[in-house]
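Working notes, structure below.
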Amino acid sequence: MIKLENISKSFGTKYVFNDFNHNFNGNGLSIINGPNGCGKTTLLKIMSNVIRPDLGKILFPSKLKLDNDIGYVFQKPLMLKRNIWDNLLYIVSTKQKITQRHKDICLKLLMKFYDDNMKKINNLFDSNIFKLSGGEQQIISLARTLILKPKLLFLDEPFSHLDDQRANKLVSLIQSYSENSKVIMVTHRLDIVKNLTDDILYLK
Amino acid sequence: MDNTSIIIEALVLISTLDENLIDIISTSLTVSITAVFFSCIISIPVAVIISIKEFTGKNIITTIVNGLMGLPPVVVGLFIYLLLSYQGPLAAYNLLYTVWAMVIAQFVIVTPIIIALSKQTIDSIFYEYKDFIKSIGLTTFKSMTLLIWETRDLMLVNGLAGLGRAFAEVGAVIIVGGNIAHETRVLTTSIALETSRGDLVKAMALGLILILLSILISTLTNMIKTYSCK
C-alpha cells in the first residue's frame, strides 16, 4: 500500500494540495482523474519523488527500492539527442550493464505496438528521433521505462499522443503489467480504462 | 605606399607562406587552442553545477562570473606577471616569457566567458530534463554527463566563442609572453610590433590572417548551430 499522509504542496501562493491524504492499493491499477489544473501530475511527481511536498510524507511498501523500482512515463516524452537504441537503453545504462536480455525485452515491447512486424521496427530504428510522431516518441518513452520492469509505474496521460489502435494495445499492456506491479495512471480517457479498475481517485 | 598597395602586397606575402608567418600562426593556434581546451575541461562542468545545483551564494557566483567576462586583458596580464615574475609565488616554475605563461593568461581570460555561456546553455534546457533526471534518480555526476552530452554541439560553439576571444587578445600575452621572436610571438603581438616598426605590409598580412581565422570560427559556429537545430 502507498500512503499519502498530510501532503501539502503550493506553487507561490496557490495551494494545489493542503493536508491531502490518500491510500493506494498495493498492486494493480489505480487511476487519477480530474479537471485540468487540479494537481494530477503534481501528485504523480510527488509520489515519484520528482518534486518534494512542502509538508507531509509518502509511505511506500518496505520492499520497494526507491532508486530502482520506480518508473515514470511523462506526458511529454523527452527524447535524448542520440539514436533510438541509445534512447531506449539509456535508463538501463545508468543503472546496470546493458545485456542482450534488455534488448530482447525492448524489442518485445515494441513488437506489441508495431503489429509484430520487424520491418516496421527496423524503419523506426532508421528514423531521426526528433522526426518521430508524438505517439512513436511516447512508445519509446514507455519502452525505455518498462525495460527494467519497475514495481511501481507512474503513467502521466499515456494515451494523449496515441491513436485508438495503439491506445487499445497500451490498455492491454497496462492490464497485464498491473497484475504483478503497481501502476498509477493519470488520464482523461476514462472511456477506455474504466473497465480495468475500480480504484479511481477523482481530484477537484 | 597607399592603402591598396599595402593590402595587395600583404596578400602576396600571405601567398608566399613565409616561414616566419607560419611560425607566428602556429604559435597563435597552439597557445589559444591549448588555453581554450583546458578552460573547457574546467568551465563546462563548473557551469553545469552552477546551473543545476541550488546552493547558497549561487546568485553571487553567477554575478561574479558574468562580471569577469569583461576582465581587462592587460590587468590579467599584470596579475599573471606578478605571479610568475622573480619575486612572485610561482617564480620557481620559470614560466614567464614562455608560451605556457600565455596559455595561463588566455585561460584566465576565456574561462569566465565559457562558464557564463555554458551556464546559459544548460539553463535553457534544464527545465526539460529536470523531471526526467529526478525520475530516474541520476547522481550529480551522471546528470552532468547527460546534460553535457545533450548540449555537446552548443558547448562546442561556446568553446569556439572562447577561441575567438583568445585569438584576438593582445594585452595579456604581450606582458607575460614578451613577444619573443620564434618563441612567444603571436598574431596580435606581431601586428602591434610590425605597425610600430612601420612594416605595414607585414602587419596587414598578419591582420588579414587574424580576420580569416575569425571568419573561420564564425562559419564553424554557424554550421554547428544549424546542424544542432536539425
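Structural remarks
- Taking a straight line from the alpha carbon of A:Lys9, these lysines sit under 21 Å away, with near neighbours fewer than eight places off in the same chain left out: A:Lys40, A:Lys45, A:Lys57, A:Lys204, B:Lys130, B:Lys134.
- If both residues of a DSSP beta bridge must be in the protein assembly as shown, then about 40% of such bridges are antiparallel.
- Listed residues B:Thr62, B:Thr98, B:Thr140, most fluctuating in chain B (Gaussian network, C-alpha, under 10 Å): B:Thr140
- Dividing the summed helix terms, -39500 (n - 2.57) for each DSSP H run of n ≥ 4, by the number of residues in the protein assembly as shown produces a 222 nm estimate of -19500 deg cm²/dmol to the nearest 500.
- Whole-Å semi-axes of the ellipsoid equivalent to segment B:3-229 (Cα gyration tensor, √5λ, descending): 37, 22, 13
- Within straight-line reach of B:Lys142, meaning a Cα separation under 18 Å, sit the following aspartates and glutamates at least 8 residues removed in sequence or on another chain: A:Asp67, A:Asp86, B:Glu54, B:Asp123, B:Glu128, B:Asp131, B:Glu150.
- Comparing B:Tyr97, B:Tyr127, B:Tyr81 in a Gaussian network model of chain B (Cα springs below 10 Å), the most mobile by mean-square fluctuation is B:Tyr127.
- Check: chain B dipole with +1 on Lys, Arg Cβ and -1 on Asp, Glu Cβ, in debye: 840 debye
- Most simply put, chain A has about 40% antiparallel DSSP beta bridges, counting only bridges with both residues inside it.
- Considering only B:Lys134, B:Lys202, B:Lys58, the Gaussian network model of chain B with Cα springs below 10 Å gives its largest mean-square fluctuation to B:Lys134.
Read-outs: derived from the displayed coordinates by stated rules, not from any lab. This structure is a prediction, so every number in the text was calculated from the model and none was measured. Reconstructed Cβ throughout: ideal geometry from the backbone, glycine too, with neighbour counts over all protein chains shown.
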